[in-house]
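Colleague: I'd like to ask you about the structure that follows.
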Amino acid sequence: MSAIRSVVRGLGAYLPGRCLTNADLAQMVDTSDDWIVQRTGIRERHIAAEGEVTSDLALAAAKAALADAGLEPGDIDLIVLATSTPDNTFPATAVSVQAGLGITHGAAFDLQAVCSGFVYALATADNFLKSGQYRRCLVIGAETFSRILDWSDRTTCVLFGDGAGALVLEAVRDEADGRGVLTTHLRSDGRFKNKLFVDGGVSSTRSVGYLRMEGREVFRHAVGMITDVIVDAFEATGEDAETIDWFVPHQANRRIIDASAVKLGIAPEKVVITVDRHGNTSAASIPLALAAAHADGRIKRGDLVLLEAMGGGFTWGSALVRW
Ligand code: ACO
């Protein structure tokens, strides 16, 4: 029986037009460009326009990914959309994207693992494709975190931004040159659920709520969790810090990214950084970073790309992809 691999066919991204700089934020709360850059590496982030919802961002990214893949919407039979900021409580944001693309076959659903959402979605899609159940999947990370920020809380509002990214994955049998998703590793530990959460919800408060975070606690756990799950990926594949071409981490904080790369021995020139321009876009951050590095010619066919994320829950995960 020959094996099926989930191979990357295309990549797309979308950022809302409005750019909010650290200087803009300093007009809104007691903060400064210096403080934000020094603590996080963030210089600016994009904010969705009034009336622009998560599915709008996701749809734009999905269309860009399909164009990059040279495929039509009808070629897609599965949409897995990672978000913590859906348009509505239900239906899933993924079905709005499905309708927006004019797709009436297959399945579309949302998946929620906060900042680890894209890695969770990639792993989920990979398993559906490898099982032979679906043929081509849009894996999307899309967020409007600006809608769950308390804009008077300087400890959180400076960190996040809005955006979307999408990947087209295709089930390919016996791919000769070893391309595709090589391994994925997902973890969570609900003991930490109160370290980073939204203080509202359908069943608890009947309201949306605002993001709350114990920043130091998140920081304290992040590097260990990230590096552990990357070691799992290396052990599963025999690859290592030397053999990977690109490290595309979740873009939460420059200090977390740098410390993780140093601990793993990954050379700085292999690390893709977009947190300076995008802020933390949660589930969208990895596909946005992938799209940036693909567009400028860094990530090329055949490259070995390491992805990782960590976020609320806590959830964390890694993936190794031969591009
Ligand atoms: N501007 C100016 N001062 C600020 C700001 C701000 N935006 N925010 C907090 N401060 C102040 C605090 O009030 C505090 O003042 P005090 O000493 O007078 O009480 C001081 O700065 C230090 O605050 P800390 O919270 O200790 O600052 P720290 O150095 O830990 O940096 C940060 C805060 C950036 C949030 C850091 O803890 C961090 O990066 N944590 C990781 C959190 C993260 O990345 N979350 C993203 C979601 S999770 C994920 O995606 C991995």
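The values are calculated or read from the model by the stated rules, or taken from the named source; none is laboratory data. These figures come from a predicted structure and were not determined experimentally. Here the Cβ positions follow ideal geometry from the backbone for every residue, glycine too, while neighbour counts run over all protein chains shown. Just so you know, the surface numbers come from the protein's heavy atoms only, side chains and all, with ligands and any DNA or RNA stripped out. Shrake-Rupley method; radii C 1.70, N 1.55, O 1.52, S 1.80 Å.
Colleague: Just to check your reading of the model, which residue among 200, 238, 224, 190 is more than 19 Å from the chain's Cα centre (by Cα) and on the phi > 0 side of the Ramachandran plot? Steps first, please.
Modeller: Numbers: 200 fails: on the phi > 0 side of the Ramachandran plot; 224 fails: on the phi > 0 side of the Ramachandran plot; 190 fails: on the phi > 0 side of the Ramachandran plot.
Step by step, each of 200, 238, 224, 190 is checked, and only 238 is more than 19 Å from the chain's Cα centre (by Cα) and on the phi > 0 side of the Ramachandran plot.
Colleague: Same structure, new question: Look through the range 156-181, keep the residues that are within 16 Å of the ligand (Cβ to nearest atom) and part of a loop (DSSP other than H, G, I, E, B), and return whichever of them is farthest from residue 86 (Cα to Cα).
Modeller: So the residue we want is 158.
Colleague: Report whether or not residue 295 is open to solvent by 10 Å² or more (accessible area, probe 1.4 Å) and among the aliphatic types (A, V, I, L, M). Can you show your working first?
Modeller: Details: open to solvent by 10 Å² or more (accessible area, probe 1.4 Å): yes; among the aliphatic types (A, V, I, L, M): yes.
Against the criterion (open to solvent by 10 Å² or more (accessible area, probe 1.4 Å) and among the aliphatic types (A, V, I, L, M)), residue 295 qualifies.
Yes/no matrix, rows are residues, columns are (1) touching a strand residue (DSSP E or B) at 6+ places or on another chain (Cβ under 7 Å); (2) basic (Lys, Arg); (3) farther than 25 Å from residue 43 by Cα:
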{"site": "100", "(1), (2), (3)": "no, no, yes"}
{"site": "103", "(1), (2), (3)": "no, no, yes"}
{"site": "124", "(1), (2), (3)": "yes, no, yes"}
{"site": "129", "(1), (2), (3)": "yes, no, yes"}
{"site": "149", "(1), (2), (3)": "yes, no, no"}
{"site": "163", "(1), (2), (3)": "yes, no, no"}
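Colleague: Name the residue that is surrounded by the fewest Cβ atoms within 10 Å (Cβ to Cβ), counting only residues in the range 223-253 that are farther than 19 Å from residue 143 by Cβ and within 14 Å of the ligand (Cβ to nearest atom). Steps first, please.
Modeller: Going residue by residue through the range 223-253, those that are farther than 19 Å from residue 143 by Cβ are 223-247.
Restricting the remaining residues to those that are within 14 Å of the ligand (Cβ to nearest atom) gives 223-227, 229.
Values: 223: 20, 224: 14, 225: 23, 226: 26, 227: 18, 229: 22.
Here the answer is 224.
Colleague: Hey, among the residues in the range 116-152 that are part of a helix (DSSP H, G or I) and open to solvent by 10 Å² or more (accessible area, probe 1.4 Å), which one's nearest to the ligand (Cβ to nearest atom)? Walk me through how you get there before you give the answer.
Modeller: First pass over the range 116-152, keeping only residues part of a helix (DSSP H, G or I): 116-130, 145-148.
Then drop every residue that is not open to solvent by 10 Å² or more (accessible area, probe 1.4 Å), which leaves 120, 124, 127-128, 130, 146-148.
Details: 120: 14, 124: 20, 127: 24, 128: 26, 130: 28, 146: 14, 147: 16, 148: 12 Å.
The extreme case among them is 148.
Colleague: Same structure, new question: Has the range 201-214 got at least one residue that is within 13 Å of the ligand (Cβ to nearest atom) and either of a type in the set (Asp, Glu) or at pLDDT below 95 (or both)? Step through it out loud before you land on a result.
Modeller: Initially, the range 201-214 is screened for residues within 13 Å of the ligand (Cβ to nearest atom), giving 211-214.
The next check asks that each one be either of a type in the set (Asp, Glu) or at pLDDT below 95 (or both); those that pass are 214.
Within the range 201-214 (the criterion being within 13 Å of the ligand (Cβ to nearest atom) and either of a type in the set (Asp, Glu) or at pLDDT below 95 (or both)), the answer is yes, since at least one residue qualifies.
Colleague: I need the full set of residues from the range 12-52 which are out of contact with any Ser or Thr (no Cβ under 6 Å at 6 or more places or on another chain), within 18 Å of residue 251 (Cβ to Cβ) and more than 16 Å from the ligand (Cβ to nearest atom), in order please.
Modeller: Listed by number, the residues that qualify are 12, 13, 14, 15, 16, 19, 46.
Colleague: Scan the range 282-292 and tell me whether some residue there is out of contact with any His (no Cβ under 6 Å at 6 or more places or on another chain), farther than 21 Å from residue 120 by Cβ and away from the ligand (no atom under 16 Å from the Cβ).
Modeller: Yes; the residues of the range 282-292 include at least one that is out of contact with any His (no Cβ under 6 Å at 6 or more places or on another chain), farther than 21 Å from residue 120 by Cβ and away from the ligand (no atom under 16 Å from the Cβ).
Colleague: Please go through (1) within 20 Å of residue 106 (Cβ to Cβ); (2) part of a loop (DSSP other than H, G, I, E, B) for residue 52 and return the number of the only condition it doesn't satisfy.
Modeller: Among (1) within 20 Å of residue 106 (Cβ to Cβ); (2) part of a loop (DSSP other than H, G, I, E, B), the lone unmet condition for residue 52 is (1).
Colleague: It is to be established whether one or more residues within the range 275-294 are more than 25 Å from residue 188 (Cα to Cα) and outside any helix (DSSP H, G or I).
Modeller: No.
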